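Please read through the structure below; I'll follow up with questions.
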Amino acid sequence: MPSFRSDLDGIPVYRPGKPIDEVSRELGIAEIVKLASNEWPLEPFPEVQQAVADAMVDMNRYPENSVYHLVNGLAEYLDVPTDHIWMGAGSTELILAMALAMGGPGTSFVFSDPSFVMYPIAAAISGAEGIAVPSTPDLGHDLQAMLTSVRPDSSVVFVCNPNNPTGTYLPIADVERFIAAVPDATLVVVDEAYFEFATASDYGTAVPEALARDNVVVTRTFSKVFGLAGLRVGYAIGKPDTLGRLRRAQVPFSVNSAAQAGALAALSCGDRLEARVVDNEAARTQLEAGLAARRVEYVPSQTNFVLFRPAQDPAVLSDSLLRHGVIVRPMGPFVRATVGTGAENDKLLEALDAV
């Protein structure tokens, strides 16, 4: 056998939600609803599909490494300078690249617990120590405890807002105060993968902080409201010098040609994207009301998923729901369910009644 890293077995493995085809093969169920991976439940807009199909003609060529057209389209869409944008194969790839650029033996990363599972994985892969700070009783970030946990060797702090998997959020004023208190030598990564879904009046983006401060980066993705999870495209916003250093740890050509074309086309669908946010809020309210009517404890969400605490073992419940054609995600003492269409939410609630 080859000689592997001595700590390889200690690196956590990311375990995605089961795909529909796999469940169909294993259980012989034809109609399956996947509510495990926080995907948008409907297919991409027609012009996005066409742009991806057109891009396939040139699949014999490497994609444009600078992601020129998408970066320029995104800069106009966000009203930020082009040199303040960094593209990647989903925000997950950017998180890993940042970890590789900022980590190593003798460093530490600070993050809330529970939060996005990639933070401790990225820390372990990079050789940094992961410092998991317990959440508040309502499953939000305990910013004061996180600030206290920042050590001289802490090179990165992750703030997921809104938070995955809890669905909770931080008011933008709290985030701004936190950023101001973090040492300049520590990179603050504000993960806004679910930014578009948040409708709370005191929620806001940290992009202005990322444009103004060398030690702040905001990450976002096209995998959620844009409905392009299968293409793997995300981006970060920050100061050019900071992004230039971070991207040294990124592999070349990571954003493929189809992803670039599809994401650029999606940016032109503004009105329909806003309609998706409205639809998600209505469906989220429907799901939360259904859980409340069944006296199931849940965490009020600002995302496209809802975390709830079942009366029985979450793994057992998830397996039972699977056999009724509903894929959800057990997470410790909780179950996380993506907000689906109205019909998909009804199927989940009916399955809960059945089991």
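At q = 0.19, 0.24, 0.25 Å⁻¹, what is the log10 ratio I(q)/I(0) for the range 99-175, with the Debye formula run over Cα points and no solvent?
Here log10 of I(q) over I(0) equals -0.73, -1.07, -1.13.
What FRET efficiency comes out for T136 versus Q50 if R0 is 45 angstrom and r is the Cβ-Cβ distance? Round to the nearest 0.05.
Between T136 and Q50 the formula returns 0.45.
With each pseudo-label sitting 7 Å past Cα toward Cβ, what's the A180-N65 distance in nm, one decimal?
Roughly 4.1 nm, to one decimal.
Same structure again: Above 23 angstrom, tally the Cα pairs of the range 46-266 and express them as a % of all pairs, no decimals.
Result for the distance tail: 44 percent.
If R₀ is 25 angstrom, what is the calculated FRET efficiency for the pair E76 and A343, using the beta carbon separation as r and rounding to 0.05?
Efficiency, rounded to the nearest 0.05: 0.10.
Mind ranking 106-114, 11-19 by how tightly packed they are, going by the mean number of other C-beta atoms within 10 angstrom, highest first?
Values: 106-114: 21.1, 11-19: 11.9.
Most protected by this proxy first, the peptides run 106-114, 11-19.
Let me ask something else. I want to check the label-to-label distance for A293 and L211. Put each point 7 Å from Cα in the C-beta direction and report it in nm to one decimal.
4.4
Continuing with this model, one more query. What percent of all Cα-Cα pairs in the range 1-101 falls in each 5 Å bin, counting up from 0?
With 5 Å bins starting at 0, P(r) equals 2, 8, 9, 13, 16, 16, 15, 11, 8, 2, 0.
Normalized C-alpha radius of gyration of the range 144-242, against 2.2 N^0.38 Å?
Scaled against compact globular proteins, the figure is 1.08.
I've got another one for you. Using the count of nearby Cβ atoms within 10 Å as a rough guide to exposure, how do T219, T242 rank from fewest to most?
T242, T219
While we're looking at this one, here's another question. With a point put 7 Å past each Cα toward its Cβ, work out how far A145 is from S3 in nm, to one decimal.
4.2
Return the FRET efficiency for the residue pair F253, V57: r is the Cβ-Cβ distance, R0 is 22 Å, and the value is rounded to the nearest 0.05.
The pair F253/V57 has a calculated efficiency of 0.80.
Every number here is computed from the coordinates shown, using simple stated rules; none is lab data. These figures come from a predicted structure and were not determined experimentally. Every residue, glycine among them, receives a Cβ derived from its backbone with ideal geometry; neighbour counts consider all protein chains shown.
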